[in-house]
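Here's the structure, in structure tokens; my notes come after.
Where a number appears in this text, it was derived from the coordinates with a stated rule and is not lab data. If you're wondering where the values come from, they're calculated on a predicted model, not measured in any experiment. Positions of Cβ are generated from backbone atoms using ideal geometry, with glycine treated the same way; all protein chains shown enter the neighbour counts.
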Amino acid sequence: MMNAYFITEKDFKNFVSAMVQSLTVIGPVAKRKKFVFAKLESAEDLRLDYDVTLLPPKKEFFPPSQDMVRFEKDKYEGCISPQEKILLGVHFYDIKAIDMTDRLFREKNEDWNYLANREAATIIGSNIQTISERAFWGTVGKDVPPKGHDGFITKINGGYVYETRGDKGEALVKFGSFAKATDAQVKEARAVNENVMGKCPEKLNRSSKEIAEKVRKAFSKEAFWEALAEDCFSCGSCNIVCPTCYCFDVQDNWNLDQVSGARTRYWDACLTEDFAKVSLGGGATENFREERAERFRHRIMRKASYLNEKLGGPACVGCGRCSAACTSDIADPVNVINKIMEA
Ligand code: SF4
Ligand code: SF4
């Protein structure tokens, strides 16, 4: 079911207030000069004019640390307990990233620690009102549309167009004074979303297919990767802020009583030194990506080439978070990819 509604600016605030009073609503809120996805306490908290959030909304389904099993002596129980929530104001590139993690956590063994949270969520997108300084979503994976959301809000003159994409999105209409949107309002919303696509400060100049092929061919250019990674601290920040990174590490943590504890997973980062270190038994280890250039190359390969077939496009949505998070300012995929394409 797909319907389009219109709500005035003033009524929109009441709509958000009504939702906040009876549901858990997560949305972009200000944190000093930046933005984060957090629980809204009131409609005033919501900042749909945000540029990009520090961490992507995937943390609502796949938190930085997540208990999977709790145990006590020989008893154990799973920790899956999804909470229904509304994710309000998700930009289209983050919806695309959620589409990817949905697919990755579903393939082979379905990961219900992620999927249960995901299925309990309603995702409402919103148009980009402010463009972040490192964004390049306008030129990456252009033929991959966002599809995992339940509704989408676009700010137009005098109010907002709300387009629903099914029952979950439709269920929110009762919280606001919506009217059916006119064709002109739907057209205006479409134009707002189309116009923003050409405005990113950074650009990739080639198609995802051409990029995937040429990046892969650059694998053996050792000196090229070494030069790029020369200032890398192996801090993993570029992984941690990325909406499409999904690696995790599992640890058993024992309580002081030494009979109870929890098996917990934590976000992991392939740029860190120990990520690819494995045990050979008998105390011996092997690190199969020991050099930082190898790790740096691995991230770019994953984002621009390795996963393309499985995901139907690159595993990068152009949010620019990695570029902004990197102390050395070397993580920006646009710089690396454009260098490869020009060579
Ligand atoms: S690689 Fe960088 S720009 Fe691409 S999705 Fe991840 S954080 Fe965003
Ligand atoms: S590329 Fe930058 S953010 Fe990524 S690990 Fe190296 S220094 Fe850290």
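What does the C-alpha gyration tensor say about the overall shape of the chain? Classify as rounded when a/c is under 1.5, otherwise prolate if a/b is larger than b/c, or oblate. Since a/c reaches 1.5 but b/c is at least a/b, the shape of the chain is classed as oblate. Cross-linked pairs K33/K217; K39/K108; K58/K277; K10/K85; K13/K142: Cα-Cα separations exceed 30 Å for K33/K217; K39/K108; K13/K142. In this Cβ point-charge picture (+1 for Lys and Arg, -1 for Asp and Glu), the chain has a dipole of about 680 debye about its Cα centre.
Over the chain, DSSP H runs of length four or greater, each weighted -39,500 (n - 2.57), average out per residue to a 222 nm ellipticity of -8500 deg cm²/dmol. For the range 256-340, the Kirkwood estimate of the hydrodynamic radius, built from every pair of different alpha carbons, is 15.6 Å.
For the range 1-154, the orientation-averaged shadow of the C-alpha convex hull comes to 12.0 nm² (one quarter of the hull surface). Taking the C-alpha atoms only, the angle from helix 92-106 to the longest principal axis of the chain is near 50 degrees. Annotation: cysteines of the chain without a disulfide-compatible partner (Cβ-Cβ under 4.7 angstrom) are C79, C200, C232, C235, C247, C270, C316, C319, C326. Would you mind classifying the range 96-235 by shape? Square roots of the alpha carbon gyration tensor eigenvalues, ordered a ≥ b ≥ c; an a/c under 1.5 is rounded, otherwise it is prolate if a/b is larger than b/c and oblate if not. Judged from the Cα gyration tensor, the range 96-235 comes out oblate (a/c at least 1.5, b/c at or above a/b). Rounded to the nearest 20, the size of the Cβ-charge dipole of the range 208-342 about its Cα centre is 560 debye, with Lys and Arg at +1 and Asp and Glu at -1.
Separation of the range 186-247 and the range 288-326, taken as the distance between their Cα centroids, equals 8 angstrom.
Peptides 220-232, 65-77, 242-254, 278-290 ranked from most to least packed by the mean count of surrounding Cβ atoms within 10 Å: 242-254, 220-232, 65-77, 278-290. Applying the Karplus relation 6.51 cos²θ - 1.76 cosθ + 1.60 with θ = phi - 60° to the range 229-239 yields 3J(HN,Hα) values of 8, 4, 9, 6, 8, 6, 7, x, 4, 5, 6 Hz, where x marks Gly and Pro. Since only T244, V90, W267 are under comparison, the one whose Cα sits farthest along the positive direction of the charge dipole of the chain, derived from C-beta charges on Lys, Arg, Asp and Glu, is V90.
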